[in-house]
Amino acid sequence: MSISYLNGEYQPLAEARISPLDRGFLFGDGIYEVIPYYGGKSVGLMPHINRMINGLAAIEIKNSHTAEEWKTLLDDLVERNADMGENLGVYVHISRGTDVKRYHPYPENVEPTIFCFCFGIKDPEPLDRSAVTQYSLVSTEDLRWQRCHIKSTALLGNVMHFQEGYSTGADEALLYNANNELTEGSSCNVFVVKDGKISTPIQDNQILPGITRRIILDSLKSDGNLDVEERIITMDEVRNADELWITSSSKEIAPVTKLDGQPVGNGEVGEIWEQAFKVYTASKFDF
Ligand code: PDD
């Protein structure tokens, strides 16, 4: 049974309770993170915590913990849940808190609700082009809000896009803006490979600044063997790519071999994926 953390108390997840007047419940007024731990070791813990602290500041939710205190709290929760399995994801959710009425403006003198729990995640995928899980995506226009850089708990826009893919048997929805430029996936970032060159959309308000994305960019740049850049990518380029990858804390770097029912490149997992995944796997615990 997962032991959750709620406002300083540890209890079985199924017993955790919040008020229906919590602004997270009423308005999706909160910030969240999902952080992977493999064999007790985190990937990108400090970058995740820093993104969360920035998100709280962006929406003016009080942050009562230093980055070090967050680290101690999350590492401790993972230890308390060690019997849940070798690989765990930690979900952290901070809402603005519980008010006495439903009223839109930010209330004063309300304490944020802090809720965290662990869940089992899959083993990392094998570094093997013939055995790794392949993904099939559908593309659709990105109809979310213009603050996608904030990791808000208000995920209805993402959920609706994910469902568009899911309901047709696809694994994810790949999103493009009104200019026919790639943004991201409904729950992941996207990388494109053409003629050995790797690209991913620039970090702006149209995408979440993914931690996995950042680890991939930084580790590939310091490795120095692959050409990688952040730039605007058109959907024509996406459709003509040799390889397409989706990246997130739970998927790491996942190869996409089908888009809108058509093969990506030659329809097989590419060799640049294998090289990049090798570099990422060798350095992911350093972040
Ligand atoms: N999703 N873009 C969106 C819209 C996301 O929701 C996510 C993560 C990412 C990748 O970010 P990161 O590499 O930091 O996980 C990009 C998480 C895992 C989720 O909502 O479950």
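Considering the range 81-179, the qualifying strands (runs of 3 or more DSSP E), each wholly inside and each with 3 or more residues that are under 23 Å from residue 54 (Cα atoms), run over 87-95, 113-120.
Which of the residues spanning the range 180-195 are more than 14 Å from the chain's Cα centre (by Cα) and either part of a loop (DSSP other than H, G, I, E, B) or of a type in the set (D, E, K, R) (or both)? Within the range 180-195, 180, 181, 194, 195 meet the criteria.
The rows are residues; the columns are (1) aromatic (Phe, Trp, Tyr); (2) touching a helix residue (DSSP H, G or I) at 6+ places or on another chain (Cβ under 7 Å).
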residue	(1), (2)
4	no, yes
14	no, no
17	no, no
20	no, no
24	no, no
30	no, yes
37	yes, yes
41	no, yes
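Pairs are defined by a Cβ separation below 6 Å, a sequence spacing of at least 6 or placement on different chains, a first member in the range 240-255 that is assigned by TED's automatic domain parsing to the domain that holds residue 46, and a second member that is more than 9 Å from the ligand (Cβ to nearest atom) and in a strand (DSSP E or B); no pair meets this definition. Annotation note: of 249, 219, 283, the sole residue that is polar (S, T, N, Q), touching an Asp or Glu at 6+ places or on another chain (Cβ under 9 Å), under 26 Å from residue 163 (Cα atoms) and within 16 Å of the ligand (Cβ to nearest atom) is 249.
Among residues of the range 15-29 that are farther than 15 Å from residue 101 by Cα, those with a beta-carbon under 6 Å from a residue that is among the small types (Gly, Ala, Ser) at least six positions away or on a different chain give the pairs 16/4; 28/154.
Those strands (runs of 3 or more DSSP E) of the range 1-54 in which 3 or more residues are touching a Gly at 6+ places or on another chain (Cβ under 9 Å), at pLDDT 95 or above and not aliphatic (A, V, I, L, M) occupy 30-38. Considering the range 135-156, the residues that are over 15 Å from the mean Cα position of the chain (by Cα) and buried (at least 16 other Cβ atoms within 10 Å of the Cβ) include one that is farthest from the ligand (Cβ to nearest atom), namely 136. Taking the conditions (1) touching a residue at least 12 places away in the same chain (Cβ under 8 Å); (2) in a helix (DSSP H, G or I) in turn, residue 76 satisfies each one other than (1).
In the range 266-286, of all residues being surrounded by fewer than 18 Cβ atoms within 10 Å (Cβ to Cβ) and in a loop (DSSP other than H, G, I, E, B), the one that is farthest from the chain's Cα centre (by Cα) corresponds to 266. Here residue 113 meets each of (1) of a type in the set (Ser, Thr, Tyr); (2) within 16 Å of the ligand (Cβ to nearest atom); (3) touching a Gly at 6+ places or on another chain (Cβ under 6 Å) with one exception, condition (2).
The values are calculated or read from the model by the stated rules, or taken from the named source; none is laboratory data. All values reported here derive from a predicted model rather than from experimental measurement. So basically every Cβ, Gly included, is an ideal-geometry build from the backbone, and we count neighbours across all protein chains shown.
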